[in-house]
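Notes for the one structure printed next.
The values are calculated or read from the model by the stated rules, or taken from the named source; none is laboratory data. Because the structure is a prediction, the values reported are computed rather than measured. Quick reminder, even Gly has a Cβ in these numbers, built from the backbone with ideal geometry, and neighbours come from all protein chains shown. Surface accessibility is based on the protein's heavy atoms, side chains included, excluding ligands, DNA and RNA. Shrake-Rupley method; radii C 1.70, N 1.55, O 1.52, S 1.80 Å.
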Amino acid sequence: LGFRGEALPSMASISRFQLTTRPREADEGLRLQIEGGKMLEASPIGCAPGTSIEVADLFFNVPARRKFLKSTATESAHVTDVCQRAALAHPDLRLTLTRDGRKTREFLPVPTWFERAGQVIGDTDLVQIEEQRGPVAVRAALSAPEQARSGAQGLHVLVNGRPVRERALSRSIAFAYGSVIPPGRFPVGVVHIEVDHTEVDVNVHPQKAEVRFSRGREVHDSLTRMLAAQLGTRAWEG
């Protein structure tokens with residue numbers, strides 16, 4: 001789902017780590033059990049095709065790092081956010097989130113990105129927008145202006161299927177609402193932006209959370225104009 005392969009050894013070195021994997025064409029899978037970076041077991045196993053990774057007791061062997069963790073509620077919110085962003089990027093996947101043995105969220109596979117947006121956003125009326133302007137294509141599911149929030153946490157932006165936290169993109173989306181959303185407030189919703197991959201640099205942030213466009217002004221202008229055209233003609237009618 002987008003994290004780089006070299007992250008796996010780092011994860012395994014500070015946790016009780018289990019990886020189970022099986023290529024679709026293989027007759028059996030492989031299970032690796034690693035504790036604090038030490039291999040405990042590598043054994044064949046019968047399992048479904050695909051890969052699952054379990055990470056338990058994070059930082060058990062390096063307790064000094066635990067002081068950098070926030071409260072349980074804050075860390076749980078971060079995990080939920082990661083799952084939501086993965087669900088938005090891959091509507092064909094089933095994702096289940098459990099906490100203390102209790103299921104808290106489940107995203108069942110759906111055929112369209114718009115249905116997935118509805119699953120993630122929840123009890124909010126969303127307007128569907130699909131437009132293209134030159135090299136920039138946009139698919140958006142956005143809320144009414146009265147549901148705007150003071151922060152952009154409720155606005156999910158994906159570029160070429162990659163979830164990003166790009167303040168400038170969020171401002172361009174809010175700007176498309178015109179005067180009905182005051183400065184500093186942002187709509188709730190999901191916006192997928194598609195551009196040629198050669199126009200996007202995804203290596204400007206250690207966590208891949210930001211992107212840079214080679215023609216940034218053109219992308220932002222096209223995004224605002226496409227959304228504004230739809231928001232101004234039919235979004236809030238009735």
| request: Note down the accessible area of Phe59, probe 1.4 Å, to the nearest 10 Å². | output: 40
| remark: In the chain, taking the dipole from +1 charges on Lys and Arg beta carbons and -1 charges on Asp and Glu beta carbons about the Cα centre, the listed residue (Asn61, Pro135, Pro182) farthest towards the positive end is Asn61
| said: Run the numbers for Val62 and Glu146: contour at 0.36 nm per residue of separation, minus the present Cα-Cα distance, in nm. | reply: 25.6 nm
| remark: Dividing the helical contributions, -39500 (n - 2.57) per DSSP H run of n ≥ 4, by the residues of the chain yields a 222 nm value, nearest 500 deg cm²/dmol, of -7500 deg cm²/dmol
| field | Cα centre as origin, Lys/Arg/Asp/Glu Cβ charges: segment 99-175 dipole, Debye | value | 400
| For segment 1-142, which whole percent of the accessible surface, found with a 1.4 angstrom probe, sits on carbon and sulfur atoms? | 52
| Proximal charge balance of Arg99 [Cβ under 11 Å; K/R count +1, D/E count -1] | +1
| remark: Which of (1) 61, 43, 36; (2) 53, 45, 35; (3) 60, 39, 36 is the computed Cα extents along the principal axes in Å? It is (1)
| Probe 1.4 Å, all protein chains in place: accessible area of Val79 in Å², nearest 10? | 70
| request: Could you please put Arg102, Arg31, Arg85 in sequence from largest to smallest accessible area, using a 1.4 Å probe? | output: Arg102, Arg31, Arg85
| said: Can you give me the solvent accessible area of Phe68 with a 1.4 Å probe, rounded to the nearest 10 Å²? | reply: 120
| said: Using a probe radius of 1.4 Å on heavy atoms only, what accessible surface per residue do you get for the chain? Whole Å² is fine. | reply: 59
| Among Thr98, Thr51, Thr198, residue whose mean-square fluctuation peaks in a GNM of the chain (springs only between Cα atoms under 10 Å) | Thr51
| task | Could you let me know the centre-to-centre spacing of segment 66-145 and segment 168-216, using Cα atoms, in angstrom? | result | 17
| task | At 7 Å along the Cα-to-beta-carbon direction for both Met11 and Lys208, put a label point, then send me their distance in nm to one decimal. | result | 1.2
| Calculated log₁₀ intensity ratio I(q)/I(0) where the Debye formula runs over C-alpha points of segment 164-225, q = 0.27 Å⁻¹ | -1.26
| Just by accessible area at a 1.4 angstrom probe, what is the order of Asp125, Asp92 from largest to smallest? | Asp125, Asp92
| Debye, to nearest 20: dipole size of the chain, +1 on Lys, Arg Cβ, -1 on Asp, Glu Cβ | 740
| note | Counting only DSSP beta bridges fully inside the chain, the antiparallel percentage to nearest 5 is 90
| request: With a bin width of 10 angstrom, please list the P(r) values of segment 1-139 as percents of all Cα-Cα pairs, from the 0 bin to the one holding the largest distance. | output: 10, 28, 34, 19, 9, 1
| Leading residue at positive end of dipole, segment 1-65 (Cβ point charges), from Leu32, Phe17, Cys47 | Phe17
| Which order do Ile121, Ile181 take when ranked by solvent-accessible area (1.4 Å probe, heavy atoms of all protein chains), largest first? | Ile121, Ile181
